[in-house]
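J.: One structure follows; several queries about it will come next.
The values are calculated or read from the model by the stated rules, or taken from the named source; none is laboratory data. Everything numeric in this text was worked out from a predicted model, so none of it was measured. In this analysis, Cβ positions are derived from the backbone assuming ideal geometry, glycine residues included, and neighbour counts consider all displayed protein chains. Surface accessibility is based on the protein's heavy atoms, side chains included, excluding ligands, DNA and RNA. Shrake-Rupley method; radii C 1.70, N 1.55, O 1.52, S 1.80 Å.
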Amino acid sequence: MNKPLLGVNIDHIATLRQARGISYPDPVLGALLCEQAGADGITLHLREDRRHIQDADVYRLKSVMKTRMNLEMAVTDEMLAIACDVKPEWVCFVPEKRQELTTEGGLDVVKSAKKIASFIQEMHKIGTQVSLFIDTDFAQIDQSIAIGADAIEIHTGVYAQLWLKNKQQAITGEVIRIQKAVAYAKQQNPRLLVNAGHGLTRDNVALIAQIGGIHELNIGHAIIADSVFMGLENAVKSMRQAFG
Ligand code: PXP
């Protein structure tokens, strides 16, 4: 069985920088170190409130990175204009609420199908592929396929929360739900890429990494947290080793 690729989310290097409002640590330098350590792609989330990643980071990173940029963003006209200008390899549309600590749930593709479909078309015009961050819900998977998404990213936040609370039975149930969602998506459209992410750590990643059919895992907070103690390159390598 192929192991998933590893996309590293560098947002929290920028969070640390923004805490002081100065120029370091530089998330672009961090992204390059992640690439050197073997990351398959770099994810960054340009939030509407610019709480971590700034517009200039996105442009700087695009000009120096060697792998693939996965630019996460809300489904807004402002973000669409930026994506059209930057032309990342991938855009991942996510829901966004101002007060949330991090992305709390999947996108409601069923409810906003028309708008998201038109955003996907705009991205395809510039050659950017589109992923939709969704919950493990068959209706959301069906709608994502129907409107032409190239990939879905399954939200693993519920799984991660259960892990933190050490709810063993519920963890097994959630892994099965994710497994079924991945299998269903691949059955409906074998060309659709199925990614997953949110709240994954070296401790909890193996059960998700070993689900057949997952193309890539996007992991941020735990890798940046680990890097405080072991350095960024080791943190990236250790996360990959933890895939099993
Ligand atoms: N995937 C998506 C769509 C996200 O919004 C995030 C958080 O920004 C992640 C993955 C990474 O989550 P974490 O930082 O918890 O690893």
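J.: What shape does the stretch 5-243 take by its C-alpha gyration tensor, where a ≥ b ≥ c are the square roots of the eigenvalues and a/c under 1.5 counts as rounded, a/b above b/c as prolate, and the rest as oblate?
T.: Oblate, because a/c is 1.5 or more while a/b does not exceed b/c.
J.: Working with all protein chains in place, sort Met1, Met65 by solvent-accessible area computed with a 1.4 Å probe, largest first.
T.: Met1, Met65
J.: Which residue, Gln169, Leu6, Ile126, has the largest displacement toward the positive end of the dipole of the chain when charges sit on each Cβ (Lys, Arg +1; Asp, Glu -1)?
T.: Value computed over the given set: Gln169.
J.: Cut-off under 18 Å on the C-alpha distance; same-chain residues fewer than 8 positions from Lys167 excluded. Which aspartates and glutamates are left, in chain and number order?
T.: Asp203
J.: Given a 1.4 angstrom probe, what's the average accessible area per residue across the stretch 61-201, in square angstrom?
T.: With all protein chains present, the stretch 61-201 gives 48 Å² per residue.
J.: Share of the stretch 5-243's accessible area from carbon and sulfur, percent, 1.4 Å?
T.: Using a 1.4 Å probe with all protein chains present, the stretch 5-243 comes out at 53 percent carbon and sulfur.
J.: A follow-up question, please. When a/c reaches 1.5 or more, the comparison of a/b and b/c decides; with that in mind, is the stretch 148-244 rounded, prolate or oblate per its Cα gyration tensor?
T.: Verdict is oblate for the stretch 148-244.
J.: So if each residue of separation counts as 0.36 nm, and I subtract the Cα-Cα distance between Val64 and Lys111, what length gain in nm does that give?
T.: Gain on extension, Val64 to Lys111, equals 13.2 nm.
J.: With every protein chain kept in the model, how would you rank Lys3, Lys186, Lys111 by accessible area, 1.4 Å probe, largest at the top?
T.: These residues rank, largest area first, as Lys111, Lys3, Lys186.
J.: Same structure, new question: Counting only protein chains, not ligands or nucleic acids, how are Lys180, Lys66 ordered by accessible area (probe 1.4 Å), most first?
T.: Lys66, Lys180
J.: Would you calculate a helix-derived [θ] at 222 nm for the chain, using -39,500 (n - 2.57) for each DSSP H run of n ≥ 4 and dividing by the full residue count, to the nearest 500?
T.: Theoretical 222 nm ellipticity from helices: -14500 deg cm²/dmol.
J.: Give me the dipole magnitude in Debye, nearest 20, for the stretch 5-243 about the Cα centre, with unit charges on the beta carbon: positive for Lys and Arg, negative for Asp and Glu.
T.: Here the size comes out at about 260 debye.
J.: Could you report the accessible area of His124 in Å², rounded to 10, computed with a 1.4 Å probe on the protein chains as they sit in the structure?
T.: His124 has an accessible surface of roughly 80 Å² with all protein chains in place.
J.: Then there is this: Mind checking which of Asn218, Met79, Met69 is farthest towards the positive end of the chain's charge dipole, using Cβ charges of +1 (Lys, Arg) and -1 (Asp, Glu) about the Cα centre?
T.: Highest projection toward the positive end goes to Asn218.
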